[in-house]
Amino acid sequence: MSKKPFLGFVLLTHEKPAQILRLIERLNFMFDDPPIACHHDFSKCELPLDEIPQNVSFVKQYVETAWGDWSLVDATLKGIDILYSRDDAPEWFILLSGRDYPIKPADQIIKDIKDSDCDAHMSVLKLVESELESEIEKRAFKKYHKLEFRYPSLIHLLQSIRFLKWWRKDIYLKRSMFTEWVIPFSNEFNCFYGSQWFYANQKAASEILKFYKSDFRVQFYYKRVHAPDESYFHTVLGNCKELKVCNKNWRHVNWAPGSSHPIELSMDDLETLIQSDDHFARKFNMDKYPEILDRLDEHIGYVDKTRARN
């Protein structure tokens, strides 16, 4: 009987095929062809499937993904599901995007995970109204305690149903006896939030899949809030008393003040990445800043086997 792989990966991809192939090649080099499950949104771009290694499984019934939408949660769930349906399902998995890249050698990544006594590593904060401190926390609390209602524009409705447009209205629903039927959170079931990207072991993965298949009320609610990918998995794992979640996701991200999207990393960030204790970083753009990826290859000890043979 073959030994169970320690580490596997779930990839969420939708653009830059060459960069996706490069990431897969590096993961295969570093972790000896680990089990990889990929949800690729083929509606955004094609992938050269004939160039994909056999250790990569694809979600066949992919969903069309959109930023800040439930589709990202759905895509992640599908990726986790097919990864743990494999005969070589790993002890741990790491969720990556196609714009992520390793910034530490494999032995360091594995050591840090093994040295931890956690079941999941994610950037996570419990959103309790009486304990909120920063403005960011207060905004996050409101974001996940309101629903989006849509109603027809009367002018366009009168013009023609074919050109019906919808206005969007966000209404903040404070927890009370009148909103309990809508908002799933309570003193016994708290709301958590954090970065979309995380690590989890097989026990945590099983809890994620079991919760998804059994609790439709929470799923129904998160389909109606913005950025559910930054709260759904955190809430599922954060409320499971049998799991220990560490508030660290080993991901370096460079944010511009006030922006909702990370800054693309360049050679100016190389020293910071090398000195960081994080394992992966994002976002990279191989077309625009290829040199930093080449330098990171040197740092992680990557050797091009094709060139080495020549």
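The values are calculated or read from the model by the stated rules, or taken from the named source; none is laboratory data. Note that this is a predicted model, so its numbers are computed, not measured. Cβ atoms come from the backbone with ideal geometry, glycine included; neighbour counts cover every protein chain shown. The accessibility values were calculated without ligands, DNA or RNA, using every heavy atom of the protein model including side chains. Shrake-Rupley method; radii C 1.70, N 1.55, O 1.52, S 1.80 Å.
Measuring with a 1.4 Å probe in the full set of protein chains, what accessible area per residue, in whole Å², belongs to segment 1-129?
For segment 1-129, the per-residue accessible area is 43 Å².
What order do you get for 127-136, 107-116, 234-243 when each peptide is scored by the mean count of other beta carbon atoms within 10 Å, highest first?
With the highest mean Cβ count within 10 Å placed first, the list reads 234-243, 107-116, 127-136.
I'd like the accessible area for Phe220: 1.4 Å probe, protein heavy atoms, all chains in place, Å² to the nearest 10.
Phe220 exposes around 120 Å² with every protein chain in place.
Segment 9-72: which trypsin sites (Lys or Arg not before Pro) are DSSP loop and have at most 16 other beta-carbon atoms within 10 angstrom?
Lys44, Lys60
Check Ile94: other-chain or 5+ apart residues with amide H under 5 Å from its amide H, H built from backbone geometry?
Gly8, Phe9, Val10
Evaluate E = 1/(1 + (r/R0)^6) for Lys213 and Asn247, where r is the Cβ-Cβ distance and R0 equals 30 Å; express this FRET efficiency to the nearest 0.05.
Here the calculated transfer efficiency is 0.65.
Can you list the cysteines of the chain that have no other Cys Cβ under 4.7 Å away?
When partners are defined as cysteine Cβ atoms under 4.7 Å apart, the chain leaves Cys38, Cys45, Cys191, Cys240 without one.
Could you order Arg282, Arg139 so the one with the most accessible surface comes first? Probe is 1.4 Å.
I get Arg139, Arg282, largest accessible area first.
For a distance above 16 Å, tell me the whole-number percent of Cα pairs in segment 44-132 that qualify.
71 percent
Report the convex hull volume per residue for the chain, counting only C-alpha atoms, in Å³.
Hull volume over Cα atoms, normalised by residue count, gives 180 Å³.
Once R0 is set to 30 Å, what does the formula 1/(1 + (r/R0)^6) return for the Cβ-Cβ distance between Ala18 and Ala66, expressed as a FRET efficiency to the nearest 0.05?
The value I calculate is 0.80.
Taking a cut-off of 19 Å between Cα atoms, list the lysines near Lys142, but don't count ones fewer than 8 places away on the same chain.
Straight-distance partners of Lys142: Lys126, Lys169, Lys174, Lys223.
For the chain, which whole-number percentage of the solvent-accessible area (1.4 Å probe, protein heavy atoms only) is attributable to carbon and sulfur atoms?
About 51 percent, which is the carbon plus sulfur part of the accessible surface.
Which distance in nm do the two modelled labels at Phe6 and Ser85 give, with both placed 7 Å along the Cα-to-Cβ direction?
Reported label-point gap for Phe6 and Ser85 is 2.9 nm.
On average, how much accessible surface per residue is there in segment 212-301, in Å², for a 1.4 Å probe, leaving out ligands, DNA and RNA?
With the other protein chains kept in place, segment 212-301 gives 51 Å² per residue.
Taking Lys111 as the anchor, which lysines have their alpha carbon closer than 23 Å to its alpha carbon, excluding any fewer than eight residues away along the same chain?
Lys3, Lys4, Lys203, Lys244, Lys248
Quick one: if the Förster radius is 45 Å, what FRET efficiency do Asn187 and Lys283 give, using the C-beta to C-beta distance and rounding to 0.05?
0.75
Working with all protein chains in place, sort Met286, Met267, Met122 by solvent-accessible area computed with a 1.4 Å probe, largest first.
From most accessible down to least: Met267, Met286, Met122.
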